[in-house]
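Here is the structure we will look at.
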Amino acid sequence: MSARGHGGYGWRYGLIDMSSNMNPLGTPKELIELIKEGVDYGHYSHYPTELGDELRDSLADFEGIGPELTYVFNGATEALQLLFMHLRPRRVIIPIPNYGDYLRLGNLVNAETRLIEYWGRGDLVSSLINDVTPSTIVVLSNPNSPMGYLIRREQLLELAKELGRRGGALIVDESFMDFVRISESLIRDALNHDNVFIVKSYTKFLAVPGLRVGAVFTKAGIEDLVPTWPVNSIAEYAVSRYMKHAHGFRELTIKYVEEERSRVLSSLRELGIDYYESMTHYFVIRHKPWLGEELLKHGFLIRDLSNIPPLTKGYFRISIKSKDINNDFLNALMEVMQIKY
């Protein structure tokens, strides 16, 4: 399995995919209605706005920032790839464990890649800064994917300042920030830093991975980087209208994640499953490598993280789902543990 993940693997084989990190509340009903409305009105029969301007304004309002700092893309992956190709770094520094695609993108632009272990504890700046040379990019996810820890905004601003002194840039992937109660987002700080690029996917939060909605927030002028018609007309119509009401959905999401995460992690402790503390709806567990195969026999797929350095066999990612699915999963996990022990 590649570092890009398994996509729809669980769906195709009739498994319940406990590793998928989409919003456990599912797609908001109001957004579904807007998607249907966009189809009924025939928006697929004409072009979207040239630079996704309608969606651009809506996302900017949601984040409390000006549209002149907001650029929309066909998902965060496209945004990251185009940013790498635009910045053409000589060196890419990635604190690991982290999202596996960052390494692929560093290789894509023939950059020297430095992988530095950082587990969310200690001084981030001192951990990375000695490896920074001119034309260096530090790229990381916050909250971290896959570990779920959250880096304080002050640490990231200090890192951005130190990078600026050395001719470097900071890319922060905030695709899971809307699942966290106390935001450490740098989006509103983008106005004050030329070397900071915030990338964000909205498909995780809205649970619409097929619509591909992403954005970059930055003071640096990257309008020429945005493809003409960066999002499709149905996505632009539906998501731009829904974001006006998305703050309420965000609050519901965070409340559910906090309550259900506490319950699920309590059950894991009772079962003797080691896990890493997480601020999000997904978390990493560590157990015997056979755990994934045993759960497959019970119809549950968990993500093997052994292709994410420096993780090895026995590290898995699990995400919170509906209460019923979580209960079924915990019952299956209990059966597996009873059988093996």
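The values are calculated or read from the model by the stated rules, or taken from the named source; none is laboratory data. Just so it is clear, the model here is predicted, and its values are computed rather than measured. A quick note on method: Cβ atoms are made from the backbone with ideal geometry, for glycine too, and the neighbour counts reach across all protein chains shown. These accessible areas exclude ligands, DNA and RNA; they are computed on the full protein's heavy atoms, side chains included. Shrake-Rupley method; radii C 1.70, N 1.55, O 1.52, S 1.80 Å.
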Segments classed as helices (runs of 4 or more DSSP H), wholly inside the stretch 111-219, with at least 1 members that are modelled with pLDDT under 95, under 23 Å from G75 (Cα atoms) and of a type outside the set (A, V, I, L, M): 203-206
Test: residue in the stretch 288-302 that is farther than 22 Å from G26 by Cβ, in contact (Cβ under 8 Å) with a residue 12 or more places away in the chain, charged (D, E, K, R) and open to solvent by less than 60 Å² (accessible area, probe 1.4 Å): yes
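Is there a residue in the stretch 249-265 that is polar (S, T, N, Q), free of Cβ contacts under 8 Å to residues at least 12 places away in the same chain and surrounded by fewer than 22 Cβ atoms within 10 Å (Cβ to Cβ)? Spell out the reasoning first.
Pass one, the stretch 249-265, residues polar (S, T, N, Q): 253, 262.
With the extra rule that they be free of Cβ contacts under 8 Å to residues at least 12 places away in the same chain, the set shrinks to 262.
Retained after the next criterion (residues that are surrounded by fewer than 22 Cβ atoms within 10 Å (Cβ to Cβ)): 262.
Yes.
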Residue, farthest from T113 (Cα to Cα), within the stretch 78-90, restricted to residues that are open to solvent by 50 Å² or more (accessible area, probe 1.4 Å) and in contact with a helix residue (DSSP H, G or I) (Cβ under 8 Å, 6 or more places away or on another chain): H86
Cβ pairs under 8 Å, 6+ apart, first in the stretch 84-95 and closer than 11 Å to D131 by Cβ, second acidic (D, E): R91/E112; R91/D131; V92/E112; I93/D131; P95/E117
Subset of the stretch 103-131 that is basic (K, R) and farther than 17 Å from D173 by Cα - its residue that is most open to solvent (accessible area, probe 1.4 Å): R121
The stretch 304-341 - residue that is crowded, with 19+ Cβ neighbours inside 10 Å and β-branched (V, I, T) and, of those, nearest to D274 (Cα to Cα): I318
Close pairs from the stretch 52-70: first open to solvent by less than 20 Å² (accessible area, probe 1.4 Å), partner of a type in the set (V, I, T) and in a loop (DSSP other than H, G, I, E, B), Cβ under 8 Å, at least 6 apart: G52/V226; G52/V231; L55/T49; L55/V213; L55/V231; L69/T218
